[in-house]
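Contents: one structure, followed by commentary.
The values are calculated or read from the model by the stated rules, or taken from the named source; none is laboratory data. Bear in mind that the values here come from a model prediction, so they are computed numbers and not experimental data. Cβ: placed from backbone, ideal geometry, glycine included. Neighbour counts: every protein chain shown.
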Amino acid sequence: ASDADGHLQNVGCRTLSLSAHVGFDSLPDQLIRKSIKHGFCFNILCIGETGIGKSALVSSLFNTDFEDSPSTHFLSSVRLRAQTFELQESNILLKLTVVKTVGFGDQVNKADTYQPIVDYVDAQFEAYLEEELKVIRSLFSYHDTRIHVCLYFISPTGRSLKTIDLLTMRSLDSKVNIIPVIGKADSISKAELQEFKKKIMSELVSNGIRIYQFPTDDETVSEINTITNGYLPFAVVGSMEKVKIGDKMVRARQYPWGIVKVENENHCDTIKLRRMLCTNMEDLKEKTRAYYESYRRCRLEKLGCRDLGPENKPVRIKQRAAELLTFLNFSLQEVIETKRLEFCLEVERKEEEIKQRFVQRVKEKAAMLEEAEQQASMPVCLEFVLTKFEHLTLMHQEEELKLGEEKKRLEDEIAQFVEKKAITESIQSQVSVSTPGV
Ligand code: GDP
C-alpha cells in the first residue's frame with residue numbers, strides 16, 4: 001500500500017516521525033558524552049626550591065588542600081614525588097597528577113640538579129611508548145603520566161635568574177611545556193615586580209630558552225591569550241589558609257599590614273594562571289604529544305627503525321614488523337635483565353640475612369652456654385675439691401696407719417735387738433771371766 005505521496009506503507013505497522021534532526025552534526029556531542037564519562041587527566045610538574053610555595057600554589061590553583069608532608073633541606077640529591085588525586089567539579093572528573101621536586105637547589109654541588117628531572121620526564125615518555133608498542137594494548141584505560149605542563153618557580157629575588165634556573169629550563173624546554181612563575185610574589189614590591197618580569201623574559205630570550213606561549217591562532221581565545229602572554233612569568237601567591245572576609249571564606253595570606261587575597265587579580269596572577277591552565281589544557285596536551293613524537297622518533301631511530309617510501313610498501317610492512325619485533329625484543333630483554341638483576345640482588349640480600357641470622361643465633365647459643373657453664377661451674381668445683389680432699393684424707397689416714405704399724409714393728413725389732421745384744425754381752429763377759437788365759 002502507498003500513501004498520497006507514493007511512500008510505501010506496511011499495513012499494520014506503526015509510523016513514527018522523528019522527534020529531532022539526525023545528522024553528523026551530532027558527532028561532537030558523542031565525543032563530549034564519552035569524554036565526560038571517561039574523565040580527564042592532567043599532569044603537572046612543579047620545579048622549585050624547597051619552601052618556595054609549590055604545595056601552597058597547587059592547592060590554591062585547584063582550591064583543594066592536598067595532603068603532603070613538608071620536605072627537608074638535607075637531601076643529598078634531587079628526587080621527584082608524584083601524587084595522583086581525583087577531583088570532581090559538577091559532573092566532570094579530573095585525574096590530576098602533581099609531581100614535585102624534593103631537595104631542588106639544596107645541594108652544595110648543583111651541577112647535575114636537573115638530571116633526575118630530565119630522566120623522570122623521559123621515563124614517562126618511555127612508559128607510554130612501551131604501552132603503545134604492546135601487541136595487546138589498552139591506551140584508552142592506560143594512566144598516561146606524560147607531563148603536560150611544568151610550573152618553574154623562580155625565587156622572588158628581584159635580581160636575575162640563577163644559573164640553576166637557566167640550566168634546568170634549557171634541559172627541559174624540548175621535552176615539556178614550561179610556564180615560569182615567580183613564587184611568593186607578595187614579597188616583592190609592585191614596581192620591582194614589573195622590572196623583574198622584564199629581566200627574566202630578556203634573560204630567557206638571550207639564553208635561547210623556549211617557554212610555553214598560550215596559542216593565539218584560535219580566534220576564540222587569541223585576544224585573551226595575547227594579553228596573558230604579556231603577564232609571563234606569572235607572579236603567584238599561594239596559601240593553605242582561608243580568611244573570613246565579609247561573610248565569605250577566601251584563600252589569603254594575612255599580614256600585620258593587610259591581607260593578600262590569592263584570587264584577587266590586583267594582588268597576584270594566581271587566578272590568571274588557573275584560568276589559562278583550564279582554557280588551554282587541550283593545547284598543552286597537544287604540545288605534549290608533539291614532544292612525545294620527537295622523543296619516540298629519536299628512540300626508534302636509535303634502535304635502527306626508519307620509514308621507507310610508498311614504492312616499498314610490502315617491504316616496508318615487513319621491515320616495520322621486524323623493527324617492532326627488535327624493539328619489543330630489546331625492551332623485553334631489558335625487562336628480563338632488570339628482573340634478573342633484581343632477583344640476584346634479592347637472593348644476595350636473603351643469603352646475607354640468613355647468614356646474619358645464623359651468626360646471631362650462634363652468638364646467642366654461645367652466650368647461653370657460657371652463662372650456663374658459669375652458673376654450673378661453682379658447685380662442680382667445690383664438689384670436686386671436696387671429693388679430692390676426702391680421698392686424700394683417707395689416703396693420709398691409711399698411710400698414717402701403715403707408718404704406725406711399721407714404726408711399731410721397728411720398735412719391737414729394736415727392743416728385741418737391744419735384748420739380744422744385752423744377752424750376748426753378758427754371755428761374753430761370763431766367758432772371759434771363766435777362761436782368763438784366752
Ligand atoms: P614547597 O616546599 O615549595 O612545597 O613550599 P610550601 O608550599 O610548603 O610553602 C613553604 C612555606 O612558604 C609555608 O610556610 C607557606 O605558608 C609559605 N608560602 C607558600 N606560598 C607562599 C606565598 O605565596 N607567599 C609567602 N609569603 N609565603 C608562602
**Item:** Options Val347, Val359, Val385, Val335; residue that is over 30 Å from Glu130 (Cα atoms), modelled with pLDDT under 85 and aliphatic (A, V, I, L, M)
**Value:** Val385
**Prompt:** Among the numbered criteria (1) without any contact (Cβ under 8 Å) to a residue 60 or more places away in the chain; (2) under 27 Å from the mean Cα position of the chain (by Cα), which single criterion is violated by Phe153?
**Reply:** (1)
**Prompt:** Only one residue in Ile179, Ile211, Ile227 is aliphatic (A, V, I, L, M) and assigned to a helix (DSSP H, G or I). Which one?
**Reply:** Ile227
**Asked** Being over 27 Å from the mean Cα position of the chain (by Cα), without any contact (Cβ under 8 Å) to a residue 60 or more places away in the chain and under 21 Å from Thr228 (Cβ atoms), is that true of even one residue in segment 133-144?
**Response** no
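Okay, residues lined up against (1) surrounded by fewer than 20 Cβ atoms within 10 Å (Cβ to Cβ); (2) within 20 Å of Leu151 (Cα to Cα); (3) over 22 Å from the mean Cα position of the chain (by Cα):
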| site | (1), (2), (3) |
| --- | --- |
| Gln30 | yes, no, yes |
| Phe40 | yes, yes, yes |
| Leu45 | no, yes, no |
| Gly48 | no, yes, no |
| Lys54 | no, yes, no |
| Leu57 | no, yes, yes |
| Asn63 | yes, yes, yes |
| Phe66 | yes, yes, no |
**Asked** Going by the conditions given, is Asp144 under 30 Å from Glu130 (Cα atoms), surrounded by 14 or more Cβ atoms within 10 Å (Cβ to Cβ) and at pLDDT below 95?
**Response** yes
**Prompt:** Within segment 40-52, is even one residue out of contact with any strand residue (DSSP E or B) (no Cβ under 6 Å at 6 or more places or on another chain) and not in a loop (DSSP other than H, G, I, E, B)?
**Reply:** no
**Asked** Does Ile227 satisfy the criteria of being aliphatic (A, V, I, L, M) and in contact (Cβ under 8 Å) with a residue 24 or more places away in the chain?
**Response** no
**Prompt:** Within the bounds of segment 58-66, is there any residue that is within 10 Å of the ligand (Cβ to nearest atom), small (Gly, Ala, Ser) and modelled with pLDDT of 90 or more?
**Reply:** yes
**Item:** Answer residue from segment 68-109, given it is over 22 Å from Ile147 (Cβ atoms) and in contact with a helix residue (DSSP H, G or I) (Cβ under 9 Å, 6 or more places away or on another chain) and is farthest from the ligand (Cβ to nearest atom) among those
**Value:** Asn91
**Request:** Just give me the residues in segment 151-163 being buried (at least 17 other Cβ atoms within 10 Å of the Cβ) and either out of contact with any helix residue (DSSP H, G or I) (no Cβ under 8 Å at 6 or more places or on another chain) or not aliphatic (A, V, I, L, M) (or both), in sequence order.
**Result:** Tyr152, Phe153, Ser155, Pro156
**Message:** within 16 Å of the ligand (Cβ to nearest atom), of a type outside the set (S, T, N, Q) and surrounded by fewer than 14 Cβ atoms within 10 Å (Cβ to Cβ): is that true of Lys198 in this structure?
**Reply:** no
**Asked** Which one of these does Thr220 not meet: (1) of a type in the set (Val, Ile, Thr); (2) part of a helix (DSSP H, G or I); (3) over 21 Å from Gly183 (Cα atoms)?
**Response** (2)
**Asked** Here are some conditions: (1) of a type in the set (Ser, Thr, Tyr); (2) more than 16 Å from the ligand (Cβ to nearest atom); (3) in contact with a strand residue (DSSP E or B) (Cβ under 9 Å, 6 or more places away or on another chain). Ser155 meets all but one. Which one does it not meet?
**Response** (2)
**Request:** Identify all residues within segment 147-163 that are modelled with pLDDT of 95 or more and aliphatic (A, V, I, L, M); write none if there are none.
**Result:** Ile147, Val149, Leu151, Ile154
**Number of positions in segment 235-273 that are more than 11 Å from the ligand (Cβ to nearest atom), in a strand (DSSP E or B) and crowded, with 20+ Cβ neighbours inside 10 Å** = 1
**Complete:** Of those in segment 82-132 that are among the small types (Gly, Ala, Ser) and at pLDDT below 90, the residue surrounded by the fewest Cβ atoms within 10 Å (Cβ to Cβ) is Ser90
